[in-house]
Amino acid sequence: MERRPLGKSDLETAPLVFGGNVFGWTINEATSFQLLDAFVDAGFNMVDTADVYSRWVPGNVGGESETILGRWLKRGTGNREKVLIATKVGMDMGGEDKGLSMPYIVRAVERSLQRLQTDHIDLYQSHQDDLETPLGETLAAYESLLKAGKVRAIGASNYTAARLKESLEVSAENDLPAYVCLQPHYNLCERPAFEPELQPLCLEAGLGVIPYFSLASGFLTGKYRTEADLAKHARGERVRKYLNPRGLRILAELDRLAAQYNSTPARVALAWLIAQPAVTAPIVSATNLDQFKDLVEATILTLDPFDVEALNQASA
């Protein structure tokens, strides 16, 4: 059955995407269901996951996040119709299960559909570039899935500007489907890899942009300010690279603006990201309802252009 292609306008229907990397990792199934219910009740409609989530947890094999999301979809009447499901393929799942070859994509999508308990994926994304597989082969694989109605749109994640541009050219020259969005690592602490080349390319090509690690693995919430803070949290080592003069300068500016707007550093950091010209919707994760409410508040916080520039300068 053919379905209407997913476009950038679909991605713009809500300013936040819920990151499902926490399902089966830092939160259990019951808490995942609670947060998904709250997400939908708040008017949001897109959840991002991946087949590899959360293979890095001892005892996990990958697919845990998709499985929990699939159970939630079946748990509530009409849940599937309330959300857009984005998942990804390409990361190492063990053995020969990795990359973006046509045979592997065809196998992997069936496994994701089974775990998600759905007959279609709204946005299927290349999780990382595969230099060993021709771009045309990958896009041809996606074409077959789009024609079969198993996928509504395709996106890229972790691509360089050069490879993303080449992929778009291959699509145009060979009448193959093209990526409609990019999922980059982008936040106040991680600007150089996106802004100089990827941002203008996405704007020129009209691609949606849904950044991951929008709060720099929690650093931009302000809870990591000293070496002692790193030791208190499971993700402490992930943010150690930000605990430097530049990172502390960013936190200081976030603190100042949080006080000015009667807000929090996390909300201000997300409001800055939402204000960026290429960003469609940041991907955010929460492990409890209090965190989730903080994220929701960010969508109604509009920063003055002078304050956006102040954060630009602090994070330069």
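In this structure, is S167 among the polar types (S, T, N, Q), assigned to a helix (DSSP H, G or I), modelled with pLDDT of 95 or more and under 28 Å from G78 (Cα atoms)? No: the conditions fail for S167.
Scanning segment 145-155 for residues that are closer than 9 Å to V109 by Cβ and either at pLDDT below 95 or of a type in the set (A, V, I, L, M, F, W, C) (or both) yields a total of 2.
Residues in segment 139-158 that are of a type in the set (A, V, I, L, M), in contact with an Asp or Glu (Cβ under 9 Å, 6 or more places away or on another chain) and farther than 13 Å from I121 by Cβ: A156 only.
Scanning segment 146-156 for residues that are in a loop (DSSP other than H, G, I, E, B) and more than 21 Å from the chain's Cα centre (by Cα) yields A148, G149. Take the residues in segment 296-316 that are farther than 18 Å from E195 by Cβ and of a type in the set (A, V, I, L, M, F, W, C); name whichever of them is surrounded by the fewest Cβ atoms within 10 Å (Cβ to Cβ). Ranking the candidates gives F306 first. Tell me, yes or no, whether segment 263-283 has at least one residue that is of a type in the set (A, V, I, L, M), over 22 Å from D304 (Cα atoms) and either surrounded by fewer than 19 Cβ atoms within 10 Å (Cβ to Cβ) or in contact (Cβ under 8 Å) with a residue 60 or more places away in the chain (or both). Within segment 263-283 (the criterion being of a type in the set (A, V, I, L, M), over 22 Å from D304 (Cα atoms) and either surrounded by fewer than 19 Cβ atoms within 10 Å (Cβ to Cβ) or in contact (Cβ under 8 Å) with a residue 60 or more places away in the chain (or both)), the answer is yes, since at least one residue qualifies.
Considering segment 285-295 alone, what residues qualify as being surrounded by 12 or more Cβ atoms within 10 Å (Cβ to Cβ) and either more than 19 Å from F23 (Cβ to Cβ) or charged (D, E, K, R) (or both)? Within segment 285-295, K293, D294 qualify.
Per the listing Y142, Y159, the residue uniquely modelled with pLDDT of 95 or more, of a type in the set (F, W, Y) and touching a strand residue (DSSP E or B) at 6+ places or on another chain (Cβ under 6 Å) is Y142.
Do you know which residues across segment 61-78 are under 17 Å from Q114 (Cβ atoms) and not basic (K, R)? Listed by number, the residues that qualify are V61, G62, G63, E64, S65, E66, T67, I68, L69, G70, W72, L73.
Across segment 55-78, not a single residue is classified as in contact with a helix residue (DSSP H, G or I) (Cβ under 8 Å, 6 or more places away or on another chain), closer than 21 Å to Q125 by Cα, at pLDDT below 95 and buried (at least 19 other Cβ atoms within 10 Å of the Cβ). Among the numbered conditions (1) loosely packed, with under 15 Cβ neighbours inside 10 Å; (2) closer than 20 Å to A50 by Cβ, the only one that A172 does not meet is (2). Within segment 165-190, the set of residues being within 30 Å of A266 (Cβ to Cβ) and either touching a residue at least 40 places away in the same chain (Cβ under 8 Å) or touching a Pro at 6+ places or on another chain (Cβ under 8 Å) (or both) comprises Y179, V180, C181, Q183, P184, H185, Y186, N187, L188, C189. Determine, yes or no, whether K98 is at pLDDT 95 or above, touching a strand residue (DSSP E or B) at 6+ places or on another chain (Cβ under 8 Å), more than 12 Å from G24 (Cβ to Cβ) and basic (K, R). It is false that K98 is at pLDDT 95 or above, touching a strand residue (DSSP E or B) at 6+ places or on another chain (Cβ under 8 Å), more than 12 Å from G24 (Cβ to Cβ) and basic (K, R). P277 passes all but one of (1) under 29 Å from C181 (Cβ atoms); (2) more than 16 Å from the chain's Cα centre (by Cα); (3) in a helix (DSSP H, G or I); which number fails? With respect to (1) under 29 Å from C181 (Cβ atoms); (2) more than 16 Å from the chain's Cα centre (by Cα); (3) in a helix (DSSP H, G or I), P277 is out only on (3).
The values are calculated or read from the model by the stated rules, or taken from the named source; none is laboratory data. All values derive from a computational prediction rather than experimental measurement. Glycine gets a Cβ as well: all are built from the backbone with ideal geometry, and neighbour counts include every protein chain shown.
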